[in-house]
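Q: Below you'll find the structure I mean.
The values are calculated or read from the model by the stated rules, or taken from the named source; none is laboratory data. Everything numeric here is computed off the predicted structure, so don't read it as measured data. Note that each Cβ is placed from the backbone with ideal geometry, even for glycine, and that neighbours are counted across all protein chains shown. Remember, those area values only see protein heavy atoms, side chains included, never the ligands or the DNA or RNA. Shrake-Rupley method; radii C 1.70, N 1.55, O 1.52, S 1.80 Å.
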Amino acid sequence: MKKLWNVSLAAALLVGGVSVYAEDDEMEHARPMQSKPLSKQDQSAAALYKKECSACHMAYQPEFLPKRSWDKTMKGLDNHFGTDATMDTVDSNTVQNYLMTYASKNDRITDMRGAVALRISQTPHFVKEHRKISKKMITQPAVKSIANCNACHTKAEVGSYREREINIPNYGRWE
Ligand code: HEC
Ligand code: HEC
């Protein structure tokens, strides 16, 4: 797995000096979502983001996608993967602002076809990283979708994706 992340990605995912992804184990990108103290304003924005965007799935760390991805997502909430995820305008602006502030600095992250990525799970590096996971592990009821990061990454919600924290339901730890 060590060589999978290219340099641009590893560099691009550096936010505030802490990395979501890492090239190897000693660097295992533990990035608690709030590893450095956020300003009061960002704290309340983060809380609002969590409240509004974790009703149907976990609140994905903004660092996984670049600004244009979040921009497109926020503009299309009325038809968000087949659901209506709209919220009031003031809240929506606050959430968008929060996502943009902490977005990946790598604007070259796209989806598999080179278009603006709306899914983390359809970015080339993600796909590469998860290529060894069988369909059965994903479609089983305890996981359902590869977008359910926290089904396997036990600390995903706090932004930590270390290998030793992976536990695939009914399969166990990833060695
Ligand atoms: C009403 C339910 C609902 C709400 C609220 C919601 N989402 Fe989603 N979201 C979904 C569904 C459904 C999917 C597709 C999940 C799947 O494929 O398993 C999804 C997928 C996503 C994905 C892609 C995940 C991946 O990598 O495959 C992102 C990013 C995302 N949502 C961001 C947001 C943001 C940001 C908000 C808040 C503004 C939000 N969602 C609020 C229902 C919701
Ligand atoms: C079915 C279980 C499963 C789901 C769901 C899943 N992952 Fe993973 N993920 C894994 C496994 C297993 C690995 C390690 C793959 C390897 O090393 O070959 C991994 C690796 C990773 C890594 C790299 C870890 C490292 O040490 O370099 C990141 C980051 C990551 N996943 C993020 C996510 C995100 C974000 C989501 C949701 C959008 C997600 N994963 C969904 C199982 C899962």
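Q: What do you reckon, is K105 more than 23 Å from A59 (Cβ to Cβ) and open to solvent by 40 Å² or more (accessible area, probe 1.4 Å)?
A: Judged against the criteria, K105 is not a match.
Q: Could you tell me whether the range 94-112 includes any residue that is of a type outside the set (G, A, S) and within 12 Å of ligand 2 (Cβ to nearest atom)?
A: no
Q: Moving to a separate point now. When the range 49-62 is examined, which residues are found to be open to solvent by 70 Å² or more (accessible area, probe 1.4 Å) and more than 16 Å from N93 (Cβ to Cβ)?
A: Answer for the range 49-62, where residues must be open to solvent by 70 Å² or more (accessible area, probe 1.4 Å) and more than 16 Å from N93 (Cβ to Cβ): K50, A55, C56.
Q: From A22, A46, grab the single residue that is over 23 Å from V116 (Cβ atoms), buried (at least 18 other Cβ atoms within 10 Å of the Cβ), at pLDDT 95 or above and more than 11 Å from ligand 1 (Cβ to nearest atom).
A: Of the residues listed, the single one that is over 23 Å from V116 (Cβ atoms), buried (at least 18 other Cβ atoms within 10 Å of the Cβ), at pLDDT 95 or above and more than 11 Å from ligand 1 (Cβ to nearest atom) is A46.
Q: Tell me which residues, restricted to the range 95-134, are in contact with a strand residue (DSSP E or B) (Cβ under 8 Å, 6 or more places away or on another chain) and within 29 Å of K51 (Cβ to Cβ).
A: Y102, A103, S104, K105, N106, D107, I109, V116, A117, T123
Q: Within the range 149-156, does at least one residue satisfy the condition of being open to solvent by less than 90 Å² (accessible area, probe 1.4 Å), closer than 22 Å to P62 by Cα, in a loop (DSSP other than H, G, I, E, B) and near ligand 2 (Cβ under 7 Å from one of its atoms)?
A: no
Q: Please specify each residue of the range 126-148 satisfying the condition of being open to solvent by 40 Å² or more (accessible area, probe 1.4 Å), more than 8 Å from ligand 2 (Cβ to nearest atom) and not hydroxyl-bearing (S, T, Y).
A: V127, K128, K135, K136, P141, A142, K144
Q: What about Y60, is it part of a loop (DSSP other than H, G, I, E, B) and aromatic (F, W, Y)?
A: So Y60 fits the description; yes.
Q: Which pairs do you get when a residue that is under 16 Å from W174 (Cα atoms), found in the range 118-142, comes within reach of a residue that is assigned to a loop (DSSP other than H, G, I, E, B) and among the basic types (K, R), reach meaning Cβ atoms under 9 angstrom, with the pair 6+ apart or on two chains?
A: Taking only residues 6 or more apart or on different chains, the pairs are I138/K144.
Q: Pick out the one residue from G82, G17 that is at pLDDT below 50, of a type outside the set (D, E, K, R), farther than 22 Å from K128 by Cα and surrounded by fewer than 19 Cβ atoms within 10 Å (Cβ to Cβ).
A: G17
Q: Examine the range 97-108 for a residue that is farther than 25 Å from D42 by Cβ and more than 12 Å from ligand 1 (Cβ to nearest atom), and state whether such a residue exists.
A: Yes: one or more hits.
Q: Within the range 143-168, track down each residue that is of a type in the set (A, V, I, L, M) and free of Cβ contacts under 8 Å to residues at least 40 places away in the same chain.
A: If the condition is that a residue be of a type in the set (A, V, I, L, M) and free of Cβ contacts under 8 Å to residues at least 40 places away in the same chain, then V143, I146, A151, I166, I168 are the ones that fit.
Q: If you take the residues of the range 124-167 that are within 15 Å of ligand 1 (Cβ to nearest atom) and charged (D, E, K, R), which of them is nearest to R113 (Cα to Cα)?
A: My answer is K128.
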